[in-house]
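First up is the structure itself, then whatever we jot down about it.
What follows is calculated from the coordinates using simple rules that are stated; it is not laboratory data. Since the model is a prediction, treat every value here as computed from it, not as a measurement. With ideal geometry, Cβ positions are generated from the backbone for all residues, glycine too; neighbour counts draw on all protein chains shown.
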Amino acid sequence: MPWSRLSGSISSPKVDVAIDMGNPFLNLTLDGFLKIGTVAATRAAAEDTYHILKKGSVSRHNFEDMLKKMCKEGAYWGAIGGLYVGTEYGVERIRGTRDWKNAMIGGAMTGAIVSAATNNKKDRIVMDAITGAAVATAAEFINYLT
């Protein structure tokens, strides 16, 4: 019986922008802000483009609303990404080791800070800290697998 095998790999293009702020902490925080903010702005643009095309008409007002949403989403998620990356780096420097625990602590702190900034319910802050820790730790473990 004939048998064949396909071998190969898929890779995405890598774009890296380096802005030297003179401090590794600031460099990583800004890098996280820019990368995550760009992803969020792109997602907002794609979502709004879909809605505009579905509606069937394009206007200046639609375009302005899309740009506002892109900026808002990019700044919000960029700030969260920058906060997480900076926190994880700070934890790494304090602990003196690089492992998954830094991601867990950084995620918990980021979740708690973002939650505390948006509401004042203690139970919600704790739940968001746990969620942040779980997501960051899971992402770190997945990163180790690849």
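Which residue, ARG95, ARG60, ARG124, has the most motion in a Gaussian network model of the chain that connects Cα atoms within less than 10 Å?
Per the Cα network of the chain with a 10 Å cutoff, ARG60 tops the list.
Output ³J(HN,Hα) for segment 67-79: one whole-Hz value per residue in order, computed from phi by the Karplus curve 6.51 cos²θ - 1.76 cosθ + 1.60 with θ = phi - 60°, and x for Gly and Pro.
Couplings: 5, 4, 5, 4, 5, 5, 5, x, 5, 5, 6, x, 5 Hz.
Over the chain, with a Gaussian network built from C-alpha contacts below 10 Å, which listed residue (VAL135, VAL91, VAL58) shows the highest mean-square fluctuation?
In this elastic network of the chain, the residue with the biggest mean-square fluctuation among VAL135, VAL91, VAL58 is VAL58.
Below 8 Å, C-alpha to C-alpha, sequence gap of six or more: please give me the relative contact order for segment 23-96 in percent.
It comes to 56 percent, rounded to a whole number.
Less than 11 Å Cβ to Cβ from ALA136, Lys/Arg counted +1 and Asp/Glu -1: what total charge do the surrounding residues give?
Result for the local shell: -1.
Using θ = phi - 60° and the Karplus form 6.51 cos²θ - 1.76 cosθ + 1.60, what ³J(HN,Hα) does each residue of segment 93-104 get, whole Hz, x for Gly and Pro?
For segment 93-104, the Karplus curve yields 5, 5, 6, x, 9, 10, 8, 5, 5, 4, 5, 4 Hz.
With charges only on Cβ, +1 for K and R and -1 for D and E, what is the dipole size of the chain about its Cα centre, in debye, rounded to 20?
The dipole magnitude comes to about 280 debye.
Can you tell me, using C-alpha contacts under 8 Å and at least 6 residues apart, the relative contact order of the chain as a whole percent?
21
Among [x] 30, 27, 18; [y] 22, 18, 15; [z] 29, 15, 15, only one was calculated for this model; which label is it, if the read-out is semi-axes √(5λ) of the Cα gyration tensor in Å?
Computed from the coordinates, semi-axes √(5λ) of the Cα gyration tensor in Å corresponds to [x].
Taking the Cα centre of segment 99-146 as the origin, how large is its charge dipole in debye, to the nearest 20, when only Lys and Arg (+1) and Asp and Glu (-1) carry charge on their Cβ atoms?
With Lys and Arg at +1 and Asp and Glu at -1, about 200 debye.
Exceeding 31 Å between C-alpha atoms, which entries from my cross-link table qualify? They are LYS54/LYS121; LYS14/LYS101; LYS14/LYS55; LYS54/LYS122.
Checking Cα-Cα distances, LYS54/LYS121; LYS14/LYS55; LYS54/LYS122 exceed 31 Å.
How large is the helix-only mean residue ellipticity at 222 nm for the chain, computed as the sum of -39500 (n - 2.57) over DSSP H runs with n ≥ 4, divided by its residue count, in deg cm²/dmol to the nearest 500?
Computed ellipticity for the chain at 222 nm equals -27000 deg cm²/dmol.
Given an 8 Å cut-off on Cα distances and at least 6 residues of separation, report the relative contact order of segment 99-146 as a percent.
Normalised by residue count, the contact order of segment 99-146 is 49 percent.
Please give the FRET efficiency for VAL126 paired with ALA75, using the beta carbon to beta carbon distance and R0 = 30 Å, rounded to the nearest 0.05.
In this case the efficiency is close to 0.70.
Of ASN119, THR49, MET21, which is farthest towards the positive pole of the chain's charge dipole, taken about the Cα centre with +1 and -1 on the beta-carbons of Lys, Arg and Asp, Glu respectively?
THR49
Which one of ALA46, ALA136, ALA79 has the biggest mean-square fluctuation once the chain is modelled by GNM with Cα springs under 10 Å?
Per the Cα network of the chain with a 10 Å cutoff, ALA46 tops the list.
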